[in-house]
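The structure under discussion appears below in the form of structure tokens.
The values are calculated or read from the model by the stated rules, or taken from the named source; none is laboratory data. Nothing here was measured: the structure is a model prediction, and the numbers come from that model. Cβ: placed from backbone, ideal geometry, glycine included. Neighbour counts: every protein chain shown.
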Amino acid sequence: MNTPDLTDEQRRRVEEMREAVPFLNHLGVQVESVGPGTATLLLPVREEIKRNDGIVHGGAVASVIDSAFAFAIIPLLADNERTVTIDLTIHYLRPLSGGVAKTVARVVRAGRRVITVSAELFDENGKLAATALSTYLRMTSATDKHGQHGLI
């Protein structure tokens, strides 16, 4: 994973996130690079993520895009901040049937409460296969009087 523009703390948080999401391993997603507000993820096309007609399931495409968004956002958050997805809009432009798809995500605007991100997903030939736009809500972690962690 390429992370030259991240601080050691940002790099630690990105690596922690990568290890904490087993679903990424299940899909075969690889994190190519992460920077402040940017991320590039790879999705090798395998039979296990295809529909019955030989093309990648839209849910797998949505998952790699959503994950790229999260990796782009992580370096911008404080230690006590987390995010949740508010919405996700994907435009599927061409089917994926083989090779490795590449998703490039970038933060469009990181506001005090809402973060807007966009992504482009390319097929094995570098042709645009999907575009996406999403917003995330920033949430702050807090510890209650019983020592329990939660989001506010």
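In the range 24-77, the qualifying residues are those that are part of a loop (DSSP other than H, G, I, E, B) and among the β-branched types (V, I, T), and the one that is farthest from V108 (Cα to Cα) is I55. Being of a type outside the set (A, V, I, L, M, F, W, C) and either surrounded by 14 or more Cβ atoms within 10 Å (Cβ to Cβ) or modelled with pLDDT of 95 or more (or both), is that true of even one residue in the range 139-152? No: the range 139-152 contains no residue that is of a type outside the set (A, V, I, L, M, F, W, C) and either surrounded by 14 or more Cβ atoms within 10 Å (Cβ to Cβ) or modelled with pLDDT of 95 or more (or both).
A Cβ distance below 7 Å, combined with a sequence gap of six or more or placement on separate chains, defines the contacts here; from the range 103-119, residues that are modelled with pLDDT under 95 reach no residue that is surrounded by 17 or more Cβ atoms within 10 Å (Cβ to Cβ) and assigned to a loop (DSSP other than H, G, I, E, B).
Report yes if some residue within the range 36-50 is of a type in the set (A, V, I, L, M, F, W, C) and exposed (fewer than 14 other Cβ atoms within 10 Å of the Cβ); otherwise report no.
Going residue by residue through the range 36-50, those that are of a type in the set (A, V, I, L, M, F, W, C) are 39, 41-43, 45, 49.
Then drop every residue that is not exposed (fewer than 14 other Cβ atoms within 10 Å of the Cβ), which leaves none.
No: zero hits.
Hey, does the range 65-87 have a residue that's closer than 23 Å to M139 by Cβ, crowded, with 17+ Cβ neighbours inside 10 Å and of a type in the set (D, E)? Yes, some residue in the range 65-87 is closer than 23 Å to M139 by Cβ, crowded, with 17+ Cβ neighbours inside 10 Å and of a type in the set (D, E). For R112, the conditions (1) in a strand (DSSP E or B); (2) exposed (fewer than 12 other Cβ atoms within 10 Å of the Cβ) are fulfilled apart from (1). Among the residues that make up the range 92-99, is at least one of them on the phi < 0 side of the Ramachandran plot and either under 16 Å from the mean Cα position of the chain (by Cα) or in a helix (DSSP H, G or I) (or both)? So far as the range 92-99 goes, no, none of its residues is on the phi < 0 side of the Ramachandran plot and either under 16 Å from the mean Cα position of the chain (by Cα) or in a helix (DSSP H, G or I) (or both).
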